[in-house]
Structure formats: structure tokens, C-alpha cells
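The block underneath contains the structure these notes are about, expressed in C-alpha cells.
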Amino acid sequence: MKVSKSSLPLYKQIYEDLKIQIQENHYEEGSFLPAERVLSEHYQVERLTLRKALALLAEEGYLQKLPGAGNKVLRPASFNVTSQEAHSIAYILPTSSGEEAPQPYHMEICNYLEKYCKEEGLDLIFTKVSPSSPLPAFLANPSSIKGIIWVGDIDASFLELARLNHIPSIVISNQSPHFACINNDDINCSYTATEHLIQKGCKKIVHIAGLIGYISRFNRVEGYRRALLVNGLTYSPEYVVSGDWSFTSGYNSISTLLEKGIPFDGIAAANDMMALGAMKAVVAAGLKVPEDVKIIGIDNIDQSKTSIPALTTVCIEQRSIAQLAFLFLKQAIAGTLIPEEVLIPGRLIVRETT
């Protein structure tokens, strides 16, 4: 094995590879690993890097360092726990400096998943991860988890870790070459939202985009751009402002445009929370919704139904995504073939803001 370009540190990549070989009995209990010199040459790393990997294996009970003899292979007690005996599924979001808290849209999916898990006697673990934080216990001991649903812009190192440890996984709102992906049809959802504003007479439409780097940001900007061009309107980068999916970022981005005196009569936000924040900024400036500015979001979270005025949105059914993710994960656990990617379409819901 050669170490890859994964964002996992080299010693962790070696640790994962050796751990899998021990678990799959390439190195039997009681045998010894090859000499450190041989392993260093095999992995093409310095001995110090290799020793960090060996130390981690020793801490978890996979190796015993015997002076003068080498590294003896052990079998931790926890290794006898099979994935079939595990009764928990994990729902994992990224820890991001740009996001203040998990977005309501993803938490509503989580609530549905919890219900489906309970119906089948499973527990749902919710957590957030980042490369700078300690690994959750179930990732350090993969046999303790039945499967994982990864959500959003998860660092690729975690998906690689799941692959190396053969943890059944499904990815939502992201891309992976190794796991089935469930994504919103973001381009068409944003196209539908923008075109609705155009049909309502809007000529200068602002798009509030999500966090830079997210695939959903790119696709929703692209849907907005296409709707403008198809309908004979000019795409102008100054009308695309950045948010972080939160209410506050929607408020701040529109407040800044108003302070600059940039004219607009419509706002197509990349999600409902930013649309609701934008609506507050418009009203605070003494403008009326929808008379002066029409606003639309994407997601159809609960707050969009109860806001005053109620928010027009493109609905992406959280229940449908949760059901599909749960079904796909069960099939992945069973080893059943599943599609590489499924796109969930959106549905326009017209309310009071347009």
C-alpha cells in the first residue's frame, strides 16, 4: 500500500491499513508484524511516522511492543463484537467555522430518521465531526456502529476512514466515489425559485448563496444564473451575495446591499433561513414584502410556514430524504446493490412573500 492524498495524516492512514489487515487476519493473533525498517520502506515513510501508527494500534490493543522481538499482534476484546450485533446508526454533520449551528432542514431529516430507527429497534446517534477534533468512539471502534449517514460538506478523510473500515455509509448533500449519494436537484430547485420571481414581474433579483466550497452553493448559483439568462435577464455577479445558511447571514447580506443603494425587487435565497433573515432586513429598511420586494427560499422548513408573511419556497421533502437514506443504508448493510446517486426534485409552494 502507498499512502494516498487523503487529508488524513500519514500515520493515521498507515494505522487504518494495518488495523484492517489485523482484523482480516492477514496478520494472525500471536504473530509479529514485519520489522519497522521493512514497514517504513513499504509505506515509504520515516520510522517516526510509522511508530506513531504502531503506538496508536498498541493503545487500542491490537499490538504489544516486545523489546528485542518486535510488535506482536493481539486481538482486542472489543474485536469480537460484530457489526450485526451493533444496534446504532450515526447521523453525522460537519463542524464548520462558517456555520453557527446545524441547519433546521438537516435536523428535520434527523428527526424523521430517529423515528424510523425506533420502529426497527435501533438507536440514532447525532454528532458533528472535524479533522481537528477527536474521533467519535464509534469511528475508533467501527464494529460498534451499524452504519453511518454522512451529511453536508464532510471532510473527505472521514469518508475515507469509513471506506477503509468497511462501515456501511450513505452520503446526503455531498459527493462520494465510494458511497451512494442522495442529493437535492439543486440546479432545478434554484431555477424554479428564480423563474417564479421573474414570472411575478421581478427584474433585478438578488441571490443569497450558501457557504463557499459547498456543492449545493455552486449548483444553486448555477440554477439562478440559468433562469436569468433563459428569461432574457442579465446575470451580474454583484447580485450574488454570500451567506452561511443562517438567518443572520441572510439579514446581513441584504442589509449591506441596501446600505450600498443597490436596487433590487426580488430575492432568491439558497435556503429558507437566509430568506427569512433577508425578509427581516427588507422590512427593517421600511420596504414591504411582497409589494416592494418579493422573496423566495428553498427547503420548506417549519419556520417558512409560520413566518409573517409566510415564505414562498421550493419544497424538498425532508421525510422523503430520510426514508430513502434509511432504506439505502439498510441495503448497504445487507450488501444489496443500490444506485450511486439519486436526485430529489423540488416543488414550488407559493405563499405570501411573492
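Per-residue ellipticity at 222 nm from helix content only, as computed over the chain with -39500 (n - 2.57) for each DSSP H run of at least four residues, stands at -12500 deg cm²/dmol.
Surface listing: 166, 207 arranged by accessible area from highest to lowest gives 166, 207, probe 1.4 Å. Positive-end ranking of 145, 168, 207 along the dipole of the range 137-220, with charges on Cβ about the Cα centre, is headed by 207. Checking the Cα-Cα distances for 115/305; 65/330; 12/118; 65/128 against a 31 Å cut-off, the pairs over it are 65/330; 12/118; 65/128. Near residue 91, the amide H atoms lying under 5 Å from its own belong to 125, 126, 127, 149; only residues 5 or more places off or on other chains count, and H is placed 1.01 Å from N. Neighbours of residue 217, meaning other residues whose beta-carbon lies under 11 angstrom from its beta-carbon, give a summed charge of -3 when Lys and Arg score +1 and Asp and Glu score -1.
Rounding to the nearest 10 and keeping the result within 0 to 90°, find how far the Cα-based axis of helix 272-284 lies from the longest principal axis of the chain. Once rounded, one gets 40 degrees.
By how many degrees, between 0 and 90 and to the nearest 10, does the Cα long axis of helix 47-59 differ from the longest principal axis of the chain? Helix 47-59 and the main axis of the chain meet at about 90 degrees. Using 0.36 nm per residue and subtracting the Cα-Cα separation, the extra length available between residue 64 and residue 157 on full extension is 30.7 nm. The charge dipole of the chain, taken about its Cα centre with unit charges on the Cβ of Lys, Arg, Asp and Glu (plus for the first two, minus for the last two), comes to roughly 360 debye. In terms of accessible area, using a 1.4 Å probe and ignoring ligands and nucleic acids, 333, 349, 208 rank largest first as 333, 349, 208. For the chain, which whole-number percentage of the solvent-accessible area (1.4 Å probe, protein heavy atoms only) is attributable to carbon and sulfur atoms? C and S atoms contribute 52 percent here.
For residue 271, the residues 5 or more places off, or on other chains, whose built amide H falls under 5 Å of its own are 298. With the whole protein complex present, residue 43 retains an accessible surface near 0 Å², based on a 1.4 Å probe. At 20 °C and a viscosity of 1.002 mPa s, what translational diffusion coefficient does Stokes-Einstein give for the chain, taking Rh as the Kirkwood radius over Cα pairs? Give it in µm²/s as a whole number. For these conditions, the coefficient is 95 µm²/s.
Modelled label-to-label distance, residue 284 and residue 347, 7 Å Cα→beta-carbon offset: nm? Placing both labels 7 Å beyond Cα along the Cβ direction yields 3.5 nm.
Note on residue 126 and residue 44: the model spin-label points, each 7 Å out from Cα along the C-beta direction, lie 4.4 nm apart.
If R0 is 45 Å, the Cβ-Cβ spacing of residue 35 and residue 133 corresponds to a FRET efficiency of close to 0.85. In this rough spin-label picture, where each label sits 7 Å from Cα along the Cβ direction, the residue 200-residue 256 distance is 2.4 nm.
Angle of helix 318-334 to the longest C-alpha principal axis of the chain, folded into 0 to 90 degrees and rounded to 10: 20°. Between the range 221-247 and the range 59-74, the C-alpha centres lie 58 angstrom from each other.
What relative contact order, as a whole-number percentage, does the chain give when Cα pairs under 8 Å and 6 or more residues apart are counted? List each step's numbers first, then the result.
Working: 658 pairs, mean separation 52.7, N = 354.
Taking the mean separation of contacting Cα pairs over the length of the chain, I get 15 percent.
Annotation: residue 60 carries an accessible surface of approximately 60 Å², with a 1.4 Å probe and no ligand, DNA or RNA atoms counted.
Across the range 307-316, coupling constants 3J(HN,Hα) worked out from phi with the 6.51/-1.76/1.60 Karplus curve, θ = phi - 60°, read 5, 10, x, 5, 8, 5, 8, 9, 7, 10 Hz, and Gly and Pro carry x.
For the range 335-342, 3J(HN,Hα) computed residue by residue from phi via the Karplus equation (6.51, -1.76, 1.60; θ = phi - 60°) reads x, 7, 5, 10, x, 6, 8, 10 Hz, glycine and proline entered as x. Residues whose amide H comes within less than 5 Å of that of residue 344, counting only those at least five positions distant or on another chain, are 183, 184, 185 (H built at 1.01 Å from N in the peptide plane). DSSP beta bridges fully contained in the chain are about 20 percent antiparallel. The 1.4 Å probe gives accessible areas that order 19, 330, largest first, as 330, 19.
The values are calculated or read from the model by the stated rules, or taken from the named source; none is laboratory data. Predicted, not measured: the structure shown is a model, and the values here were computed from it. Backbone-built Cβ (ideal geometry, glycine too); neighbour counts: all protein chains shown. Ligands, DNA and RNA are stripped out before the accessible areas are found, and what is left, the full protein with its side chains, is counted by its heavy atoms. Shrake-Rupley method; radii C 1.70, N 1.55, O 1.52, S 1.80 Å.
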